[in-house]
Amino acid sequence: MVRWVVCSYDEASKVEGGPFLLHELRQAAVTVGGYSGQRDVERGDCTLLVRRGEGPLVQVEEGMFSCGGTMSLPLVLSALGGDAGEALAIAFTPQEVSEAKSAGMKVLAVASQTDAVTLADSGADIIVDSLLALGRFHDAGSFEAQLLKLEDTEGQSGTVRYGRNFLR
């Protein structure tokens, strides 16, 4: 069961369906952590937000951290206190996919900046071209059901689902 969702807040807030998904996750009581390269960004629908700052990772207020170093999806999961086995990373670049997979997270990649084949080669479990593909859900269980619909449920080894097709 996915209990933690981590993403780049900057990318998720501008990609199609991103603001809707973050709001739906909050309404469904799924814990969401994001990171932002902006110093003055607000948390929005994220439970926790790591934003650009000075020095090491430090908490500046409830739900808000500052970090002067390299920010990544595993860093956000660590700040949340989450378990990688129960986490979904929403990735926008091959580097984010690789980092999240190396940390043991399930990865939903969005083909907004990078083509689907490159994301699949990086190890993405699910690839969508819009976060609207997740649809509406009302709790963590129905969110998990939406993810399962997008995964390789037909047992086609070596493939990644992209829309209605499987990429090999």
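The values are calculated or read from the model by the stated rules, or taken from the named source; none is laboratory data. This one's a predicted model, so the numbers in the text were calculated from it and none came from an experiment. Because the Cβ atoms are built from the backbone with ideal geometry, glycine has one as well, and the counts that use them run over all protein chains shown. SASA here: full protein model, heavy atoms, side chains in, ligands and nucleic acids out. Shrake-Rupley method; radii C 1.70, N 1.55, O 1.52, S 1.80 Å.
Key figures for this structure:
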read-out: Most mobile listed residue (G69, G141, G34) in the chain, GNM with C-alpha springs under 10 Å; value: G69
read-out: Solvent-accessible area per residue, Å², over the stretch 1-146 with all protein chains present [probe radius 1.4 Å]; value: 43 Å²
read-out: The chain: antiparallel DSSP beta bridges as a percent of all, rounded to 5; value: 20 percent
read-out: Share of carbon and sulfur in the accessible heavy-atom surface of the stretch 6-79 [1.4 Å probe, %]; value: 45 percent
read-out: Amide proton proximity set for G53, modelled H, under 5 Å, gap of 5+; value: C67, G68
read-out: Relative contact order %, the stretch 1-91, counting alpha carbon pairs below 8 Å whose residues are six or more apart; value: 33 percent
read-out: Loop-located trypsin sites (Lys or Arg not before Pro) in the stretch 1-103 whose Cβ has at most 12 other Cβ within 10 Å (DSSP); value: K14, R39
read-out: Alpha carbon centroid spacing (whole Å) that separates the stretch 13-73 from the stretch 117-151; value: 20 Å
read-out: Gain on full stretching of the segment that runs from D129 to S112 - 0.36 nm per residue minus C-alpha separation; value: 5.5 nm
read-out: Cleavage-rule hits, GluC sites (Glu not before Pro), the stretch 39-133, DSSP coil, Cβ neighbours within 10 Å at most 16; value: E42, E54, E62
